[in-house]
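For reference, the structure discussed in these notes is given below.
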Amino acid sequence: MTPQDFLTILSRAAILKTTTRHCYTQENRKESVADHSWRIALMAMLLSGEPEFQDTDMNKVIRMCLIHDLGETFTGDIPSFEKTDQNVQTEDAQFLTWANTFPSPQRQEWLSLLDEMEKLQTKEARTYKALDKLEALISHNESDLSTWLPLEYDLQLTYGQENVQFSPYLTALRKCIDQWTLAKISPQP
């Protein structure tokens, strides 16, 4: 990879630093896609010490977490409750077109990761996907309730449930997040 190729890829990826998501941070600023991707990668790193994940290639999971939303550099972020199949197809196609311009061996690595992520057949891919969903829930719980849409009160308790079921640890984490959500949305005395 030439230094110019390197900088070109980084310049495209930098768009995620200013691409905002639906969620707000604790400081009441719009969360960026880069904020979200960074924290998912951090979550994967934290899991690497858990016995359940000792046989999981967490380096690969972290790589998946870091690249998973780069298609949004082309389309912006569309909240899951608004995203259509056509939105997904457009984002995926543009991401693949971009990744196909990478030099070797980066092109092969990224295309292989994207394929594995799409199929969700490996523990690594299922782990990245679960962390993606869980991080969104955590971010919403950290947001002020005034930033929530009415539909999010139910969605917060159902979103991504199926993505954690393969893992006892992630299922327990999800239950903890749900308890936090219920405490947050319960009327205060």
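Annotation for region 67-74: at least one member residue is in contact with a Lys or Arg (Cβ under 7 Å, 6 or more places away or on another chain) and within 18 Å of Arg107 (Cα to Cα). When Thr2, Thr20 are checked against the criterion of being on the phi < 0 side of the Ramachandran plot, hydroxyl-bearing (Ser, Thr, Tyr) and in contact with a Lys or Arg (Cβ under 8 Å, 6 or more places away or on another chain), Thr20 stands alone in meeting it.
Being at pLDDT 95 or above, crowded, with 19+ Cβ neighbours inside 10 Å, farther than 28 Å from Arg29 by Cβ and acidic (Asp, Glu) is a description that applies to Glu124. Within region 112-157, work out how many residues are under 17 Å from Cys23 (Cβ atoms) and hydroxyl-bearing (Ser, Thr, Tyr). Counting residues in region 112-157 that are under 17 Å from Cys23 (Cβ atoms) and hydroxyl-bearing (Ser, Thr, Tyr) gives 5. The set of residues in region 129-150 being of a type in the set (S, T, N, Q) and touching a strand residue (DSSP E or B) at 6+ places or on another chain (Cβ under 8 Å) consists of Ser139, Ser143, Thr147. On inspection, Gln108 fails the criterion of being closer than 30 Å to Asp55 by Cβ, at pLDDT 95 or above, assigned to a loop (DSSP other than H, G, I, E, B) and open to solvent by 50 Å² or more (accessible area, probe 1.4 Å). When every residue of region 16-23 is checked against the conditions, at least one turns out to be closer than 21 Å to Gln94 by Cβ, touching a residue at least 24 places away in the same chain (Cβ under 8 Å), open to solvent by 40 Å² or more (accessible area, probe 1.4 Å) and among the polar types (S, T, N, Q).
Scan region 144-153 residue by residue and report those that are more than 13 Å from Pro79 (Cβ to Cβ) and touching a residue at least 24 places away in the same chain (Cβ under 8 Å). Residues satisfying the conditions are Asp144, Leu145, Tyr153. Considering the conditions (1) modelled with pLDDT under 95; (2) loosely packed, with under 14 Cβ neighbours inside 10 Å; (3) of a type outside the set (Ser, Thr, Tyr), Ile78 is excluded by exactly one of them, (2). Does any residue of region 72-92 turn out to be assigned to a helix (DSSP H, G or I), more than 15 Å from the chain's Cα centre (by Cα) and among the hydrophobic types (A, V, I, L, M, F, W, C)? Yes, region 72-92 contains at least one residue that is assigned to a helix (DSSP H, G or I), more than 15 Å from the chain's Cα centre (by Cα) and among the hydrophobic types (A, V, I, L, M, F, W, C).
If you go through region 132-171 and pick out every residue that is surrounded by 12 or more Cβ atoms within 10 Å (Cβ to Cβ), part of a helix (DSSP H, G or I) and small (Gly, Ala, Ser), you end up with 2.
Please give the number of the condition Leu66 fails out of (1) at pLDDT below 95; (2) open to solvent by 30 Å² or more (accessible area, probe 1.4 Å); (3) within 18 Å of the chain's Cα centre (by Cα); (4) closer than 26 Å to Gln165 by Cβ. Here Leu66 meets the rest and fails (1).
The values are calculated or read from the model by the stated rules, or taken from the named source; none is laboratory data. Just so you know, these numbers come straight off a predicted model, no measurement behind them. With ideal geometry, Cβ positions are generated from the backbone for all residues, glycine too; neighbour counts draw on all protein chains shown. To get the accessible areas, we keep the full protein, side chains included, count just its heavy atoms, and leave off ligands, DNA and RNA. Shrake-Rupley method; radii C 1.70, N 1.55, O 1.52, S 1.80 Å.
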